[in-house]
Each structure stands twice: as C-alpha cells, then as structure tokens.
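Here the structure comes first, spelled out in structure tokens, and everything after it is commentary.
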Amino acid sequence: MAIHLPNRQLFIGGEWREPILKNRIPIINPATEQIVGRLTNSLTMSQHVCLLQGDIPAATAEDVEIAVEAAKKAFSRNKGKDWSSNSGAYRAKYLRAIAAKITERKSELGKLEAIDSGKPLDEALWDMDDVAGCFEYYADLAEGLDSKQKAPVSLPMDTFKSYVLKEPLGVVALITPWNYPLLMATWKVAPALAAGCTAILKPSELASVTCLELAEVCREVGLPPGVLNILTGLGTEAGAPLASHPHVDKIAFTGSTATGSRIMASVVQMVKPVSMELGGKSPIVVFEDVDLDKEGKLVYDYAGVAFNSSLLAIFQRPSGPSLVAFGQMGRYAVQHPESIASEFLDRLVKWTEKIKISDPFEEGCRLGPVYEKVLKFIATAKSEGATILSGGDRPKHLNKGFFVEPTIISDVTTSMQIWREEVFGPVLCVKTFSTEDEAIELANDTHYGLGAAVISNDVERCDRVTKAFRAGIVWVNCSQPCFCQAPWGGIKRSGFGRELGEWGLENYLSVKQVTQYTSDEPWGWYQSPSKL
Ligand code: NAD
C-alpha cells in the first residue's frame, strides 16, 4: 500500500506559499532515523510503502509577517462579516465540513501521523477520530454562542440596562508540540475558529505533516482565506517571531515549561494574553485496598484498573485517552511493601515486559519511538543510586530508531532528578508509602500540577485524596481518559488557562460589557448650565 504526500508549502491567506528564504526541514522517521523519502525514495514499513516528499517548509520572521497580515485582514474583511462578526452558526458549517473531511481521510492521515511522529498506527487512527470529534464539538459550541449573546446582567438600578457580548479576541497564535501533532493543534484551532478568531498555527518541527494536511482540508472546504494560516518551521525562527508579533492578540501554547516561560518573557511588555499547557510530573497513587487478584472489568476491577492505568499512563505513547501520559505521569506511589507494594510491582513488571515495542505499523504495536533524551535520564537515575526494575535501555530487537524500553525505576529518593524532572518518555519511578497523608505529600511534592490519579476501593478516601491533589485534572480509578467536553489544563508550572469544553472556547473570547441608560431623567455628575 502506498501513501503519497504531495509537496506542501506554507499555508497563508488560503494559498500555498513557498517560504521567503526557501528553507526546508527534512522529515525524519523516528522509527528508522532516516530522512523520509530522501535516502531511498521509498520506505518499506510492514508492507506499507511510503512516498513522502522528504521535507517541510521552514518559515522565518519574513513569512510570519505575511501570515499575521493575512490573519488580520481575514478578521476584519467585509467589516468582519466574512468571519469574525458573523454568527457562530455560520462558522459552525466550516467546522463540520472540516470534521467530515478528516473522517473521509482518516486512514491516510493516521498513517502519515504514525510515520511522522512514531506513534502506533492504531493510536494515530484513534487520534483522527478525536480530531474530527473535536471539530464537531466546537461546531456545536459555535452555534450555542449565538443564543448566549446579549446575556443580561442584573443591576441594582432600573434606570440602567446591561448585557454582555462575547467577541473573538482577534488574531491568535497557536503553538503546539510533537506528541499529538494534529490533535493538539485541533484543541486550539477548533475553539479559536468557533469563537471567530483568525489564527496562525505553528506546529512542532518534529511532526508537522498532518497539520499541513489540515491546511489542504481547509482549502478544500473553502474556509475564507486567512482565517487559518499554517506556518511550519523551527521554534526560534518561526515560533518566536510569531509569539512576539505586535499584531498577534493572544498566544495559546502547548509544550515544555522552558519554552512556555521563554514565550511569556518575550511578550511581557506587550501585556499579551497567553494560555499555557506545559510539562508535568503527574502521580498515580495506589492504595492497599485494591484487589490484586481481580482482573478484567475496568471500573470495578481495581487490580485491572491499577495495572491498566499505570501502563496507559506511562507507557502507551500519548493516545486518545492518555495525554498526561508519557513521562508526565512519571511517578507512582504504592502503599507500603507489607501491604501490596512488592506484589503489585512484580505484576507491573510482568505487564511491562509484555508491551509490544515496534515499528508503529506492526500489528499490535503499543509503543513506538520517542523524540526525547530519555536514556540520559535513566543513566542519571542509575548513577544517583536508583534501581532499574524493568527496561532501562534500547530494546535489543530494534537497532535503529529512537526506541526506549518501557522502564520502571525503584529505590528513588525525592531529591533525585528522575523524581523531580519531567521525563517525556516511557519511564516510571516508584515509591512506597504507608499512610494516606504520606501519599498525598509525595504526590504533591512537585513544581508541576497537571494530572493525578488515585486507585482505591474506598470512595471516601478517593474523595479526600482528590481534594488534596494539587493538580488541574484528577482521575479516580482510571487514568488518562480525555473527553473534549471536559476542561484540560494544569496548575503551578504545568501552566494556566483551560482547553477543551466551554472553557476552551472562552480562551478565545473577550467579554464586552454594554450598559445603556434608559430613563428620561437627567443623570450625571455635572450640572446642566441651565440649572446653574
Ligand atoms: P517544546 O517546548 O520543545 O516545543 C513546543 C512548540 O514550541 C514547538 O512548536 C516548538 O517549535 C515551539 N518553540 C520552541 N521554542 C520556541 C520559542 N522560543 N518561541 C516560540 N515557540 C517555540 O515541546 P515539545 O518537545 O514539542 O513537546 C513536549 C512538551 O510538551 C513536554 O514538556 C510535554 O509535557 C508538553 N505537553 C504538555 C501537554 C499538556 O496538556 N499540558 C500536552 C502535550 C505536551
């Protein structure tokens, strides 16, 4: 089966445009470390032959200038009637058309995502369903926005009437990471367009292929020119000038805490609104009351949930329901050895050893290659005295590609790097605890605060621990489910602002107060000259 990818350019003002400086970035296949399409011009991956162009366009500040201008024009074209000030129902039609095209091209897009980002094909296909679902969801919310306009505000004086208009913020810059390339972009593009903003998307240079296909989808559905512009390129060359452009009215960023902080520093003087979805180090806490012998049903089977949750959370490449996953969910606390910890860990290791790590196109693949310096973290953990219970190396059967075995590390102290820093890879470090208070202390012992999970048979305990977790998302007896209806985001150094749900739409709206004087009686501070 052949997958073809046409040569793409930057998508600006509804058209493909070559970067001004004509620079391009090679597409590296993380499963082979080869430049896709260049070395062999065709690449065999489990019977799939891929004929990719081999590179993506690399935008620079010159292209950013043109794209921001295009977005600005699209925002105000025809006094906004072509997009920003038209009804939500009008914009919803485009969002639904995009969703339908994504669904139509799901199989091809899934394959491109798997080749480009290294995620298992099954998971990439799952992502495409989520992408289409997210566009559909924000089409609904765009329609709902119309009936929410002019919502009255009750005032203490009946000589005044007040209402609220929700208006798009303007031109927004959307900067996204490599781990869920098209899905992370969609979490921003769909609500931004639903709100009536016009946007410039800058996906990760490590995985931009499907975002460029989103551009083609927008062209096919006739999205008004300039409403969505897509600039691929390096963070420093394309992302930085975009974020700091004076005509960009808001930045929505997902990526590492270090980059988020750099972006905030660069725009501080412009007092520009930003929303930040950053790194994490999210705990799963497993209590002794789980029944280790029960496996099977998901919700009531605590052993199953515990194993599945932890494995999902850490080892599955970020997939539809597991986003905090992949190293962000990098710490694990289990109740003390004399109760369940040692047996739990034995079983966890057995499950880990069964995870299929392979070419993302191989049947049953559950873990693909990763773009991170994971092995360095593992080496440091060893040198600091931690014990590698499982994994810890490159898989023996794969001598090419950025693969790392799913790894479990014990004998960890709270001062070790592996406990403190985000490892954005399949690495789990484990500590035991003996009391609930101690578990909570361990769980909150981090600068991050994205997700946290509790696994226990005791409902009241789950409630207590949920409240005590310092995190933006808490999962109880599960880990990683992600629904586009529910808010997503962190606290502390995991960021601020919320994506998804109605909160995601609010991210791109400003609230305008309109207050009208309705009485015939004179009102004011200064006296009329006729009365003086
Ligand atoms: P990254 O910070 O390296 O890059 C993210 C994006 O920022 C890329 O598009 C990159 O080109 C761009 N960028 C880099 N430098 C820039 C600059 N100076 N100015 C503007 N843009 C710049 O992150 P990554 O490696 O792609 O992704 C992994 C990180 O993302 C992890 O830390 C992970 O925890 C985080 N993440 C968080 C969430 C969440 O929901 N909070 C979800 C997914 C990933």
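Taking the criterion of being in a helix (DSSP H, G or I) and touching a Leu at 6+ places or on another chain (Cβ under 8 Å), would at least one residue in region 160-176 satisfy it? Within region 160-176 (the criterion being in a helix (DSSP H, G or I) and touching a Leu at 6+ places or on another chain (Cβ under 8 Å)), the answer is no, since none of the residues qualifies. For residues that are of a type outside the set (Val, Ile, Thr) and farther than 20 Å from residue 15 by Cα, scanning just region 218-238, find the one that is farthest from the ligand (Cβ to nearest atom). Of everything passing the filter in region 218-238, 237 is farthest from the ligand (Cβ to nearest atom). Could you list, in sequence order, all residues of region 492-532 that are in a loop (DSSP other than H, G, I, E, B) and aliphatic (A, V, I, L, M)? Within region 492-532, 500, 532 qualify.
Does residue 214 count as among the aliphatic types (A, V, I, L, M) and either away from the ligand (no atom under 13 Å from the Cβ) or farther than 21 Å from residue 105 by Cβ (or both)? Answer is yes for this residue.
Of the residues in region 36-54, none is under 26 Å from the mean Cα position of the chain (by Cα), at pLDDT 85 or above, closer than 23 Å to residue 108 by Cβ and crowded, with 20+ Cβ neighbours inside 10 Å. For region 249-293, the candidate set comprises residues that are among the charged types (D, E, K, R) and in a loop (DSSP other than H, G, I, E, B); within that set, the residue that is farthest from the ligand (Cβ to nearest atom) is 293. Here is the figure for region 161-219: residues that are buried (at least 24 other Cβ atoms within 10 Å of the Cβ) and on the phi > 0 side of the Ramachandran plot total 1. When 356, 376, 382 are checked against the criterion of being within 16 Å of the ligand (Cβ to nearest atom), free of Cβ contacts under 8 Å to residues at least 40 places away in the same chain and either closer than 16 Å to residue 120 by Cα or out of contact with any Phe, Trp or Tyr (no Cβ under 9 Å at 6 or more places or on another chain) (or both), a single residue qualifies: 376. Apart from one condition, residue 425 fits all of (1) surrounded by fewer than 18 Cβ atoms within 10 Å (Cβ to Cβ); (2) within 30 Å of residue 357 (Cβ to Cβ); the exception is (1). Pairs are defined by a Cβ separation below 9 Å, a sequence spacing of at least 6 or placement on different chains, a first member in region 255-266 that is closer than 21 Å to residue 371 by Cβ and in the same structural domain as residue 203 (by TED's automatic domain parsing), and a second member that is within 7 Å of the ligand (Cβ to nearest atom) and of a type in the set (D, E, K, R); the pairs so defined are 255/277; 256/422; 257/422; 260/277. Looking at the structure I just gave you, is residue 140 within 30 Å of residue 209 (Cα to Cα) and either more than 16 Å from the ligand (Cβ to nearest atom) or not in a loop (DSSP other than H, G, I, E, B) (or both)? Judged against the criteria, residue 140 is a match. For region 496-513, state whether one or more residues are crowded, with 23+ Cβ neighbours inside 10 Å and away from the ligand (no atom under 15 Å from the Cβ). Yes, some residue in region 496-513 is crowded, with 23+ Cβ neighbours inside 10 Å and away from the ligand (no atom under 15 Å from the Cβ).
Only one of the listed residues (167, 216, 143, 220) is touching a strand residue (DSSP E or B) at 6+ places or on another chain (Cβ under 7 Å), in the same structural domain as residue 504 (by TED's automatic domain parsing) and among the acidic types (Asp, Glu). That residue is 167. The residues on offer are 132, 124, 142, and the sole one that is surrounded by 15 or more Cβ atoms within 10 Å (Cβ to Cβ) and under 16 Å from residue 101 (Cβ atoms) is 132.
The values are calculated or read from the model by the stated rules, or taken from the named source; none is laboratory data. Values in this document were obtained by computation on a predicted structure and should not be read as measured data. Every residue, glycine as well, gets a Cβ built from its backbone with ideal geometry; the counts of neighbours run over all protein chains shown.
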